[in-house]
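A.B. asks: Just passing along the structure, written as structure tokens.
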Amino acid sequence: MHPDEALRQPYFFIETYGCQMNKYDSELLAGLLEAQGYLQAGSPDEADTVIVNTCSVREHAESRALGRIRVLAGWRKKAPGRRLGVVGCMAQRMSAELRTACPDVDFILGPDAYRSLPAILGNGRHGPVTAARPDHRETYGEIVPRRSSGISAWIAVMRGCDNYCSYCIVPYTRGRERSRPESEILKEFRAVSESGYREVTLLGQNVNSYRDGGTDFAGLLGRIARADRRIWIRFMTSHPKDMSDVLLDTIAGEPNVCPHIHLPVQSGSDRILKRMNRKYTRAHYLDLVDKIRRRIGGAAVTTDVMVGFPGETENDFGDTVSLLRDVRFDEAYMYHYSVRPGTRAARMRETLTLADKLHRLDEIIRLQRRISLEIRQSMIGKRVVVLPEGRSKKNKSEWMGKTPAGHVVVFSGQSVRPGEPVSVKLDECRGATPRGRRVPSNR
């Protein structure tokens, strides 16, 4: 080895699949490695180590990650000393299968084993290492995430899930619920504020379950909002069974908490909701949406919807379609059921073909697209506050940003700075995107 090679600082690159929590975890991994002297590369070809942070929530997510891991196995072989790692939920769920399917992977780490990464990379070994044992105490509280530039940041307030929805793998891959101490979260929030971020999203598999001593999520949300009024506060995800009146009052009463609630419904059928172990009914959900819209001015409600769950009949599917029509969500993330081994639903008999599922999925996608477009078209002529994020990707002379309700807006204007809210008059809707021009703010 040339002496210069021995002195060269090692580089890493992380590819992330899945949810916002996975993206936050990748920032934690980057923070861990940079604290040990590693540098973040701009691409796999510039790196000594590539880490694939994976998702197991659906079969498609695993298939995509598995395909990419096999491609990166070729990258690993092109230069001596390169290492390839797989982390995240897929690493937790199928560590043994990954060993067989991807023998060129050097290490496999579950979501609770990230602290071991610097030691694994530092020991010089190139043999397989697996660490996928759950640790129900781990919150990575004192680790400083390495965030990307921009105006938006994520902060995890809790990890894990205790709900055990019958189709969901998350409790098995991320473990039981545990909340971070309030003081620790506020410290991270202050650091984010001092770094110039102007939008923070609080993360948890079910943020409504947060509890630190006498502080629940409503209390935490209020304290964070009051700590810096310049920062727009968002949160996700909420479980309908745990959405309290106190939380709704907090959202309505804190001016910098955005009136956007992501509230997964999954199905409009009581029978299917029971089979899913969702612990609420259609009527409860509809009452909750009505309460949100009455109490929180300008509230936007988004959701997740699943079709094709085992045993779903035409009547059950019809209940989901009618719920979409009745609620008129601003947006919906829609997908068909896929078996997650180890869940209760995996033991249920499938009653629909893939073609049946795709047909139902196509129907609700077309319906929701029409509803979302109608909502955005109703915004034309209105004046909205927008938090600019940067230049529009399609036209660098224009800007893009989000409203408090989470609607993406493209607009023209002078003297715009990312992170500084502006007033925008909406003139038209191209495709599904409202467009307008900056106007003087109302005083």
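Nothing in this text is a laboratory measurement; each read-out follows from the coordinates by a stated rule. Please read all numbers here as calculations on a predicted model, not as lab measurements. Every residue, glycine among them, receives a Cβ derived from its backbone with ideal geometry; neighbour counts consider all protein chains shown.
A.B. asks: Contour minus end-to-end for Leu186 and Glu314, with contour as 0.36 nm per residue of separation and end-to-end as the Cα-Cα distance? Can you show the working numbers first?
C.D. replies: Values: separation 128, 0.36 × 128 = 46.08 nm, distance 4.82 nm.
Gain on stretching Leu186 to Glu314: 41.3 nm.
A.B. asks: Please compute the net charge surrounding Pro111, taking Lys and Arg as +1 and Asp and Glu as -1 over other residues with Cβ under 14 Å from its Cβ. Before the final figure, lay out the partial values.
C.D. replies: Numbers: positive: Lys23, Arg93, Arg115, Arg133, Arg137, Arg159, Arg174, Arg176, Arg178; negative: Asp25, Glu27, Asp112, Asp135, Glu138, Glu177.
Neighbourhood net charge equals +3.
A.B. asks: While we're on this one: Around Val265, under 9 Å between beta carbons, what's the net of Lys plus Arg minus Asp minus Glu among the other residues? Show your work: numbers first, answer last.
C.D. replies: On the way: positive: Arg278, Arg282; negative: Asp304.
Result for the neighbourhood of Val265: +1.
A.B. asks: On to the next question. Quote the charge dipole size of segment 383-439 about the Cα centre in Debye, to the nearest 20; the model charges only the Cβ of Lys and Arg (+1) and of Asp and Glu (-1).
C.D. replies: Working: 12 positive and 5 negative charges, 28 e Å.
For segment 383-439, the charge dipole is close to 140 debye.
A.B. asks: What order do you get for 262-275, 203-216 when each peptide is scored by the mean count of other beta carbon atoms within 10 Å, highest first? Write down the numbers at each step before the final one.
C.D. replies: Values: 262-275: 20.8, 203-216: 18.7.
Sorting 262-275, 203-216 by mean packing, highest first, produces 262-275, 203-216.
A.B. asks: Packing-wise, with mean Cβ within 10 Å as the measure, how do 295-307, 423-435 rank, highest first?
C.D. replies: Working: 295-307: 19.4, 423-435: 16.7.
Sorting 295-307, 423-435 by mean packing, highest first, produces 295-307, 423-435.
A.B. asks: Also, quick follow-up: Taking square-rooted eigenvalues a ≥ b ≥ c of the alpha carbon gyration tensor, is the chain rounded, prolate or oblate, where a/c under 1.5 means rounded and, failing that, a/b exceeding b/c means prolate? All intermediate terms of the calculation are to be shown ahead of the outcome.
C.D. replies: Numbers: a/c = 1.62, a/b = 1.22, b/c = 1.32.
Oblate.
A.B. asks: For segment 29-45 and segment 164-234, what is the separation of their Cα centres, given in Å?
C.D. replies: For segment 29-45 versus segment 164-234, the Cα centre distance is 25 Å.
A.B. asks: What distance in nm separates the simple spin-label points at Val144 and Gln9, each placed 7 Å from Cα in the Cβ direction?
C.D. replies: Placing both labels 7 Å beyond Cα along the Cβ direction yields 1.4 nm.
A.B. asks: Also, I was wondering about something else. Efficiency by 1/(1 + (r/R0)^6): what FRET value for Ser423 and Thr351, r their Cβ-Cβ distance, R0 = 30 Å, to the nearest 0.05? Can you show the working numbers first?
C.D. replies: Details: r = 52 Å, r/R0 = 1.74.
E(calc), rounded to 0.05, equals 0.05.
A.B. asks: Further question on the same structure: Among 31-38, 14-21, how do they line up by average Cβ neighbours within 10 Å per residue, starting with the highest? Don't skip to the end; give the middle numbers.
C.D. replies: Values: 31-38: 16.2, 14-21: 19.2.
Averaged packing, sorted descending, gives the order 14-21, 31-38.
A.B. asks: Between Asp45 and Val246, what FRET efficiency comes out of the Förster formula 1/(1 + (r/R0)^6) with R0 = 60 Å and r the beta carbon distance, rounded to 0.05?
C.D. replies: Values: r = 51 Å, r/R0 = 0.86.
For R0 = 60 Å, the calculated efficiency reads 0.70.
A.B. asks: Considering only the other residues whose Cβ falls under 15 Å of the Cβ of Gly160, what net charge follows from Lys and Arg at +1 and Asp and Glu at -1? Provide the component values of the computation, followed by the final result.
C.D. replies: Values: positive: Arg93, Arg133, Arg137, Arg159, Arg174, Arg176, Arg178, Arg180, Arg211; negative: Asp25, Asp112, Asp135, Glu138, Asp162, Glu177, Asp212, Asp242.
Result for the neighbourhood of Gly160: +1.
A.B. asks: So if each residue of separation counts as 0.36 nm, and I subtract the Cα-Cα distance between Asn442 and Gln377, what length gain in nm does that give? Mind dumping the intermediate values first?
C.D. replies: Values: separation 65, 0.36 × 65 = 23.40 nm, distance 2.27 nm.
Here the answer is 21.1 nm.
A.B. asks: Related question: With each run of n ≥ 4 DSSP H residues scored as -39500 (n - 2.57), what mean residue ellipticity at 222 nm is computed for the chain after dividing by its residue count and rounding to the nearest 500 deg cm²/dmol? Can you show the working numbers first?
C.D. replies: Details: 14 runs with 154 residues, N = 443.
After summing the helix terms and dividing by the residues of the chain, the value is -10500 deg cm²/dmol.
A.B. asks: On to the next question. Relative to the Cα centre, what is the charge dipole magnitude of the chain, using +1 at the beta carbon of each Lys and Arg, -1 at the beta carbon of each Asp and Glu, and rounding to the nearest 20 debye?
C.D. replies: Numbers: 70 positive and 53 negative charges, 157 e Å.
The calculation lands at about 760 debye.
A.B. asks: Select from segment 333-404 those trypsin sites (Lys or Arg not before Pro) which occupy a DSSP coil region and have at most 15 other Cβ atoms within 10 Å, ordered by residue number.
C.D. replies: On the way: sites: Arg344, Arg347, Arg349, Lys357, Arg360, Arg366, Arg369, Arg370, Arg376, Lys382, Arg383, Arg391, Lys393, Lys394, Lys396, Lys402; in loops: Arg349, Lys382, Lys393, Lys394, Lys396.
Here the sparse-neighbourhood loop sites are Arg349, Lys382, Lys393, Lys394, Lys396.
A.B. asks: Give the residue list of trypsin sites (Lys or Arg not before Pro) in segment 45-133 that are DSSP loop and have at most 11 other beta-carbon atoms within 10 angstrom.
C.D. replies: Details: sites: Arg58, Arg64, Arg68, Arg70, Arg76, Lys77, Lys78, Arg82, Arg83, Arg93, Arg99, Arg115, Arg125; in loops: Arg58, Lys78, Arg82, Arg125.
Those satisfying the criteria are Lys78.
A.B. asks: Which residues in segment 322-364 have a backbone N closer than 14 Å to a point placed 7 Å from the Cα of Ser63 along the Cα-to-Cβ line?
C.D. replies: 336-340, 354-355, 357-358
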